[in-house]
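To keep things clear, I will list the structure first and then write my remarks on it.
The values are calculated or read from the model by the stated rules, or taken from the named source; none is laboratory data. What you see is a predicted model; the values in this text were computed from it and never measured. Cβ coordinates were reconstructed from backbone atoms using ideal geometry, including for glycine residues, and neighbour counts include every protein chain displayed. Heads up: the accessible areas ignore ligands, DNA and RNA and are worked out on the full protein's heavy atoms, side chains in. Shrake-Rupley method; radii C 1.70, N 1.55, O 1.52, S 1.80 Å.
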Amino acid sequence: MPWCPVKKIRKQIKLLLLLLLLTCAAWLTYVHLSLVRQGRALRQRLGYGRDGEKLTGVTDGRGARAVLSTQRAEDSSESREEEPAAEGQDPNILFPGGAGKPPPLNLTHQTPPWREEYKGQVNLHVFEDWCGGAVGHLRSNLHFPLYPHIRTTVKKLAVSPKWKNYGLRIFGFIHPARDGDVQFSVASDDNSEFWLSPNESPAGAQLMAFVGKTGSEWTAPGEFTKFSSQVSRPRRLMASRRYYFELLHKQDDRGSDHVEVGWRAFLPSQKFDVIDAAHISLYTDESTLKMDHVAHVPQSPASHVGRPLLRAEPSVDMLRPDPRDTFFLTPRLEPSSLEDVLEPCAYAPTYVVKDFPIARYQGLQFVYLSFVYPNDYTRLTHMETENKCFYRESPLYLERFGFYKYMKMDKEEGEGDAEQEVQRRAFLFLNPDDFLDDEDDGELLDSLEPTEASPPQNRRQVPSPAAHDPAPTAAGATPVPPTSPGPRDKRHPRRSRALSWAGRGAPPLPFLLGRAASPRAAAEHPPSKVYVTRVRPGPRAHPRAPARLSPRGAPWPPFPGVLLRSRLRPRVQLRAPPRPPRPRGHRTSGPQARERRADAPTRPPARAQATPRAWEGQERTPGLAAPTADTNSSEAWPVTSFLSVSQVSGPQPPRKGQEEEEEGGEDGGPGDEAASEDSEEAAAGPGTRRGRWREDAIDWQRTFSVGAVDFELLRSDWNDLRCNVSGNLQLPEAEAVDVVAQYMERLNARHGGRFALLRIVNVEKRRDSARGSRFLLELELQERGGGRRRLSEYVFLRLPGARVGDADGGSSAPAPAASARPDGRPELCRPLRLAWRQDVMVHFIVPVKNQARWVAQFLADMAALHARTGDSHFSVVLVDFDSEDMDVEQALRAARLPGYQYLRRTGNFERSAGLQAGVDAVEDASSIVFLCDLHIHFPPGILDSVRKHCVEGSLAFAPVVMRLRCGSSPGDPHGYWEVNGFGLFGIYKSDFDRVGGMNTEEFRDQWGGEDWELLDRVLQAGLEVERLRLRNFYHHYHSKRGMWDARNRKGSRTG
């Protein structure tokens, strides 16, 4: 048995335990130092920020929390923790928020080697032409953070480029001057965020301070204490270390752009100083790197690439799931099994303009739209708050009158007949008894002053002072025996166009803002006459010539040359078209009213004399208005008037202390309102009781009747170039179901009922009113004893007796009598030479130059499309015009594409020449070439859509793309349909060569218009051009700066 000193161990047990603890501590210290050298420090699982404060409340612009982890790093802005791809699911699957899956989430732990010469400046990445003022808007940029527009450096943390709609990412290292507690603060216009790591690793960055989250917050330069979020808590720093920092800034199109970071020692009365060149250094040197080299770009919790969170509820109807989006994945029914279902027939639509001379760029007028069923929700309903062009009414009409013409207001019992009669007579459907005889035509006047019906007897009458001071009448006016005006004329000298009509046997009805007179008063007072005269052009009055003004001013003539006999009816007010309302208030004689009249615009001199003092001693002739001098026009013009009816429950006397405030811009400008106020003061003499008008009555119990309105029926299949928010034309359900029912009847008769219809996925109709309509049927079928099948075939609904030409353009021949239905209804047939191929090769032709970030995005989209669909029958042809910002050929080789071609050209960028060179590189004439752009987001079914709508010798495809506006993304699309653009064009190579290809001679040094010129020749060759709006087919908003041959004044690298 071996000897063991048990007694000695028991005596020295405490010493041995102490030695063991010291050994463990030394080992842990060694491990920690080793990890620090590698950029990975020992940290707790939960991250802590300002002096041990948990980061559970720290959020970025899109609301996701930032958490640090030893084994995995979670997304702090809008990304989720990276998860392994599910079994059977490709990791590069397309997702709704972007074009393709970017590189996987990988926060940077290992920093590149640092050099002493890096001191004095930091890295600056610029993302240009991106709208919004919040940092969250910057993170929504498709290229953030790996592919900026510009890479450069800056020498201090205070930047102001004096530009708009951009975002900045400034990062590097901070070198403290001494050990101690330091506070940081950030100031900016608009929002900004300052992140700092406890070491040199970007993965440990924590949010220290920020200015706003919504884009509306801002500060003045150097204003470091405006918001509580601007100033960080004290942070312990050591002078012997360097700390990774990151500064994010977003600027919109307003304000004085700036962003600066200040720091101060945590001592009383210390001010913030901007961090200058002595305390900063580069993260890495990017001067020799191309724009597609992104491995060195740090990814931190503030800025990284990851998957966006899926929206719980789509904000746009087009983003909702639709069977069309994934129907291409369903196995297709073999076309050979469908050949004998329908009888073959010749197909030659009348709208084809083969060999028809078309003027330059007039092919747009010969493109027709197709009808779609069911609704694909391509109508941009979320954009109709800004653009209502879908409706036939003009925007001005809708703004003035709205949609009230589609509503029929319900009438109360007993008011319908009388009101209709009054309104009928109001619109010039007058009684012949109201007109004077021909001999009275000499009494026409050059001015108009309608008289009012006499007021009720219980109102106090005040004699007019003008009746005691006669004065000569205006030249050219026929004098009328003066009558004493009623008190309403004195209290309300309104300068509007008024007309009083007589009624026969009908009770007074309220019109506009007025009130009906009492029936008893109407019976006791004789009716007064209304003179309506023809406006005659006259010489311009001298500005200083005095003008006589009636108590009502000079109203506009409602009906020139018509003299009416007035009867006792409530006054009908003829007004100018309504204008936006102005704030109402009560006129008073206090200092506020005088101040408002003093602020009114200057009136013409002739009107300026019409003050209460100027009216003294002058004769006022009721019923006669002298012409008023107008210095702004040399002649009077008749004006078409509109009637506005304000229904009041019944005639009510005015309450004391109330007055109707007339809008200043109703019958004239602000000067007219001031003149009206002066006339009102002049008309109301001493001791006159001034009545007040009631406010408009609101009928909260008013109801209306309306019928179902289908505005789609008002649209035509012409290529509408006017409206860019309307979607595809909608095919009526009854018509689509009828065609599908006929086809399924023939299909089951041919195959013995082997197929059952599960769902109508898509029906497209091209209408030809002379010969019939062409349909594309896409049906989901259930095969008996098998699985689900996809039917996608063209059929032709031939009209009875239609004469069609043969395929070679020969003479027309009547349709076979055997194919005609006994009931004379149109019959389905299989159009000859109109069958599409599912396995045809599609070549995407894209010319590029100095567009590194977009080339990388495009190749990622194509790789994701291949991974999602599993379709290998397509290739990418890139024509590179000597790009300097990236190696395009190397990027093509690295991309996971089923096929590609790289063509290199020198010289300036020429879109026509690039497209022609790409098509020439395609050898197979029976393949499809798709003339494409670089900034496109493709839906997963783009390949299937191109193949379905391209038929060799018959059909070409020009899909309509939605242009996203600044700051918009595919996950939240805001923009418009590019209804005028035909740059995205699919056609068989044989047809492309037959029409002559691109016009490279005329469009050598420019682009824009080459697509329209190609369209003209395609139509003249006898091809149809299918025009449809595709769901989730977007054109990204992109900057024009630095593209192709543009050069910046400074030597910053752009891409």
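Got a number for residues in the range 270-289 being of a type in the set (G, A, S) and part of a loop (DSSP other than H, G, I, E, B)? Explain how you work it out, then say what you get.
Step one: of the range 270-289, the residues of a type in the set (G, A, S) are 277-278, 281, 287.
Then drop every residue that is not part of a loop (DSSP other than H, G, I, E, B), which leaves 287.
Looking only at that region, the number is 1.
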Answer yes if at least one residue in the range 1001-1024 is in a helix (DSSP H, G or I) and farther than 18 Å from A359 by Cβ, and no otherwise. no
In this structure, does F224 turn out to be within 37 Å of the chain's Cα centre (by Cα) and either open to solvent by 10 Å² or more (accessible area, probe 1.4 Å) or at pLDDT 95 or above (or both)? yes
Working carefully through the options G997, G1008, G971, G1022, find the one that is in contact (Cβ under 8 Å) with a residue 12 or more places away in the chain and within 32 Å of the chain's Cα centre (by Cα). G971
Selection within the range 693-752 - more than 21 Å from V367 (Cβ to Cβ), polar (S, T, N, Q), open to solvent by less than 80 Å² (accessible area, probe 1.4 Å) and part of a loop (DSSP other than H, G, I, E, B): T703
Taking the range 946-967 and keeping only residues that are touching a Lys or Arg at 6+ places or on another chain (Cβ under 9 Å) and open to solvent by 20 Å² or more (accessible area, probe 1.4 Å), one is left with E952, G953, S954
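Look through the range 917-935, keep the residues that are part of a loop (DSSP other than H, G, I, E, B) and among the charged types (D, E, K, R), and return whichever of them is most open to solvent (accessible area, probe 1.4 Å). Before you say what the answer is, go through the steps one by one.
Narrowing the range 917-935 to residues part of a loop (DSSP other than H, G, I, E, B): 921-927, 932-935.
Subset that is among the charged types (D, E, K, R): 923-924, 933.
Values: E923: 171, D924: 81, D933: 46 Å².
Here the residue is E923.
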Being surrounded by 19 or more Cβ atoms within 10 Å (Cβ to Cβ) and of a type in the set (G, A, S) is the filter here; which residues of the range 983-1021 pass it? G983, G986
Residues that are at pLDDT 80 or above and open to solvent by less than 20 Å² (accessible area, probe 1.4 Å), drawn from the range 300-331: S300, P301, A302, S303, H304, V316, M318, F327
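When you check A956 against the structure, is it farther than 19 Å from Q851 by Cβ and assigned to a strand (DSSP E or B), yes or no? Outline the logic, then answer.
Numbers: farther than 19 Å from Q851 by Cβ: yes; assigned to a strand (DSSP E or B): yes.
Criteria met by A956.
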Does the range 880-916 hold any residues that are open to solvent by less than 20 Å² (accessible area, probe 1.4 Å), within 27 Å of I987 (Cβ to Cβ), hydrophobic (A, V, I, L, M, F, W, C) and modelled with pLDDT of 90 or more, and which are they? F881, V888, L892, A913, L915
Reported set for the range 250-269 where residues are over 21 Å from Q121 (Cα atoms), touching a residue at least 60 places away in the same chain (Cβ under 8 Å) and more than 42 Å from the chain's Cα centre (by Cα) is A265, F266
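Which members of the range 227-241 meet the condition of being in contact with an Asp or Glu (Cβ under 6 Å, 6 or more places away or on another chain) and either buried (at least 23 other Cβ atoms within 10 Å of the Cβ) or among the hydrophobic types (A, V, I, L, M, F, W, C) (or both)?
Going residue by residue through the range 227-241, those that are in contact with an Asp or Glu (Cβ under 6 Å, 6 or more places away or on another chain) are 233-234, 236, 238-239.
Result: M238, A239.
Tell me, yes or no, whether the range 357-368 has at least one residue that is modelled with pLDDT under 50, β-branched (V, I, T), more than 19 Å from N724 (Cα to Cα) and part of a loop (DSSP other than H, G, I, E, B).
Within the range 357-368, the first condition is being modelled with pLDDT under 50, and the residues that meet it are none.
No, that holds for no residue.
Counting just the residues of the range 258-281 that are out of contact with any Ser or Thr (no Cβ under 6 Å at 6 or more places or on another chain) and open to solvent by less than 10 Å² (accessible area, probe 1.4 Å), which one comes out nearest to Q110 (Cα to Cα)? Write out each step before concluding.
Within the range 258-281, the first condition is being out of contact with any Ser or Thr (no Cβ under 6 Å at 6 or more places or on another chain), and the residues that meet it are 260-261, 263-271, 273-281.
Imposing the further condition that a residue be open to solvent by less than 10 Å² (accessible area, probe 1.4 Å) reduces the set to 261, 275, 280-281.
Numbers: V261: 26, I275: 25, I280: 19, S281: 17 Å.
The qualifying residue nearest to Q110 (Cα to Cα) is S281.
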Anything in the range 860-878 that is open to solvent by less than 40 Å² (accessible area, probe 1.4 Å) and either over 33 Å from the mean Cα position of the chain (by Cα) or small (G, A, S) (or both)? List them, or say none. A860, A863, A864, A867, D871, F874, S875, V877
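Residues that are of a type in the set (V, I, T), open to solvent by 50 Å² or more (accessible area, probe 1.4 Å) and out of contact with any strand residue (DSSP E or B) (no Cβ under 6 Å at 6 or more places or on another chain): does the range 349-356 have at least one?
Residues of the range 349-356 that are of a type in the set (V, I, T), as a first pass: 350, 352-353.
Checking the rest, the ones that are also open to solvent by 50 Å² or more (accessible area, probe 1.4 Å) come to 350.
So of that shortlist, the ones also out of contact with any strand residue (DSSP E or B) (no Cβ under 6 Å at 6 or more places or on another chain) come out as 350.
Looking through the range 349-356, at least one residue is of a type in the set (V, I, T), open to solvent by 50 Å² or more (accessible area, probe 1.4 Å) and out of contact with any strand residue (DSSP E or B) (no Cβ under 6 Å at 6 or more places or on another chain).
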If you take the residues of the range 381-439 that are at pLDDT below 55 and not in a loop (DSSP other than H, G, I, E, B), which of them is surrounded by the fewest Cβ atoms within 10 Å (Cβ to Cβ)? P432
